[in-house]
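See below for the structure under consideration.
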Amino acid sequence: MAFKNLLTKVESNLGWIIINRPDKLNALNGETIKELQEAFLSFQEDPEVKAIVLTGSGEKAFVAGADITELARLDQSGGKDYVLKGQELTKIIENFPKPVIAAVNGYALGGGTEIALACHIRIASENAKMGQPEVKLGLIPGYGGTQRLARLVGKGQAMELVLSGRIIDADEALRIGLVNRVVPQADLLPTCEAVAKEIVTNAPLALEYAITAINRGLEKTLEAGLLLEADLFGQACATEDSKEGTQAFIEKRKANFQGK
Ligand code: COA
């Protein structure tokens, strides 16, 4: 895969997507959104790829937001169309059938926080700075910030972040549950790699069903969510990997999962 604004690679079953516009602090223009979509869909089809780490190039920024030069040109219908395209990408990431880890390596502002919010797990470096500063531009978050942030950190914290537009540091992001952990910058990618490797030793279809159960369940009542969990548990029981996983435990050996 060759992209203008991304670097991608596959190493030891991990797909890496590195947003690569360092001179613009990896700001997301329309072209980059389109390329990200293509990269994710291509890794979805690639059986070699069992999990994804998404990060920004350089040591300063994950993504410093949507490209403000593009935002400056939007009218009412153009603005709606513009964010719907970005939302399409965040939905692909959120519902990706393989685990996606955001390695937040610096500024993750506006669309940067929103892309990280769509990922399944967020790990930040100590220099990370996150926030939803759109109101300072006369705008509101448009790539899911008003929705996923409130669902992740609660309505009160989301209201304060979105209404103040305040940029918070990594420790604050950890305290409110916006990121899962904070590590020194030099340890960021190795930590993400280690977490991804730990996850991909597990049965691939079980990972996919678990992602679906958590994502869809949060949209439902507890009762409906539990029913969904039961349905997906049943589907997991029908996989060859569940037979292999349970048998391997009984035989005191390591499971050999095939993703079937
Ligand atoms: N859109 C477009 N360009 C952006 C950008 C964005 N969201 N964020 C940074 N850039 C560009 C800058 O315009 C600058 O380009 P230039 O060198 O051609 O002038 C380059 O990236 C470097 O940014 P700069 O502002 O010089 O770096 P800094 O270290 O002084 O400040 C930030 C870093 C993140 C505080 C600052 O760039 C910023 O506030 N960015 C916008 C953040 C934002 O509001 N994002 C939400 C958008 S919805």
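I'd like to know which of Ala248, Thr221, Val195 lies farthest towards the positive end of the charge dipole of the range 189-260, counting +1 on Cβ of Lys and Arg and -1 on Cβ of Asp and Glu.
Value: Ala248.
Dividing the alpha-carbon radius of gyration of the range 53-102 by 2.2 N^0.38 Å (N being the number of residues), what value is obtained?
Cα Rg divided by the expected 2.2 N^0.38 Å: 1.40.
With +1 assigned to the C-beta of every Lys and Arg and -1 to the C-beta of every Asp and Glu, and no other charges, what is the dipole magnitude of the range 73-133 about the Cα centre in debye, to the nearest 20?
60
Placing one identical point scatterer on every Cα of the range 32-118 and ignoring solvent, what is log10 I(q)/I(0) from the Debye formula at q = 0.10, 0.14, 0.21, 0.25 Å⁻¹?
-0.27, -0.51, -1.06, -1.32
Treating the range 95-134 as a set of equal point scatterers at the Cα positions, no solvent, please give the Debye-formula log₁₀ I(q)/I(0) at q = 0.15 Å⁻¹.
With no solvent term, the Cα-only Debye profile gives -0.33.
Can you check what the net charge comes to around Leu228, using other residues whose Cβ is under 15 Å from the Cβ of Leu228 (Lys, Arg +1; Asp, Glu -1)?
Local net charge: -3.
Under the classification rounded if a/c is under 1.5, otherwise prolate if a/b is larger than b/c and oblate if not, where does the range 32-78 fall, given a ≥ b ≥ c as square roots of the Cα gyration tensor eigenvalues?
Oblate.
For Lys9 and Glu38 in one chain, what is 0.36 nm times their gap in residues minus the Cα-Cα distance, to one decimal in nm?
Difference between extended and current length: 9.1 nm.
Using R₀ = 35 Å, calculate the FRET efficiency as 1/(1 + (r/R₀)^6) where r is the Cβ-Cβ separation of Asn215 and Asp23; round to 0.05.
0.50
Taking the Cα centre of the chain as origin, work out the dipole magnitude from +1 charges on Lys and Arg Cβ and -1 charges on Asp and Glu Cβ, in debye rounded to 20.
On the way: 29 positive and 34 negative charges, 52 e Å.
Its charge dipole is roughly 240 debye.
Report, in listed order, any pair from Lys9/Lys260; Lys91/Lys220; Lys24/Lys129; Lys197/Lys254 with a Cα-Cα distance greater than 20 Å.
Those over the limit are Lys9/Lys260.
Assigning unit charges at the beta carbon (Lys, Arg +1; Asp, Glu -1) and nothing else, what dipole magnitude in debye, to the nearest 20, does the range 67-172 show about its Cα centre?
Values: 12 positive and 13 negative charges, 55 e Å.
Magnitude of the dipole: close to 260 debye.
Mind listing which GluC sites (Glu not before Pro) in the range 138-246 are in a DSSP loop and have 11 or fewer other Cβ atoms within 10 Å?
Within the range 138-246, the qualifying GluC sites (Glu not before Pro) (loop, at most 11 other Cβ atoms within 10 Å) are Glu219.
Against the globular-protein guess of 2.2 N^0.38 Å, express the Cα radius of gyration of the range 197-244 as a ratio, rounded to two decimals.
1.21
Rounding to the nearest 10 and keeping the result within 0 to 90°, find how far the Cα-based axis of helix 222-237 lies from the longest principal axis of the chain.
50
Of the DSSP beta bridges with both residues in the range 67-205, give the percent that are antiparallel, rounding to the nearest 5.
In the range 67-205, DSSP labels about 15 percent of beta bridges as antiparallel.
Mind pulling the angle between the C-alpha long axis of helix 204-217 and the longest principal axis of the chain? Nearest 10 degrees, somewhere in 0 to 90.
It works out to around 50 degrees.
Summing +1 for each Lys or Arg and -1 for each Asp or Glu, what net charge is found among the other residues whose Cβ lies under 11 Å from the Cβ of Leu149?
For residues surrounding Leu149, the net value is +1.
From the square roots a ≥ b ≥ c of the eigenvalues of the alpha-carbon gyration tensor of the range 74-200, which class results: rounded (a/c under 1.5), prolate (a/b over b/c), or oblate?
oblate
Please report the orientation-averaged projected area of the chain, defined via the convex hull of its C-alpha atoms, in nm².
The Cα convex hull of the chain, projected and averaged over all directions, gives 14.7 nm².
Nearest-5 percent of antiparallel DSSP beta bridges in the chain?
25
Roughly what would the spin-label model give for Arg181 and Arg73, points 7 Å off Cα along C-beta, in nm?
Label-label distance for Arg181 and Arg73, simple model: 4.3 nm.
Laboratory data are not the source of any read-out in this text; all were calculated from the coordinates shown. On a predicted model such as this, the values are computed, not experimentally measured, just so you know. Cβ atoms come from the backbone with ideal geometry, glycine included; neighbour counts cover every protein chain shown.
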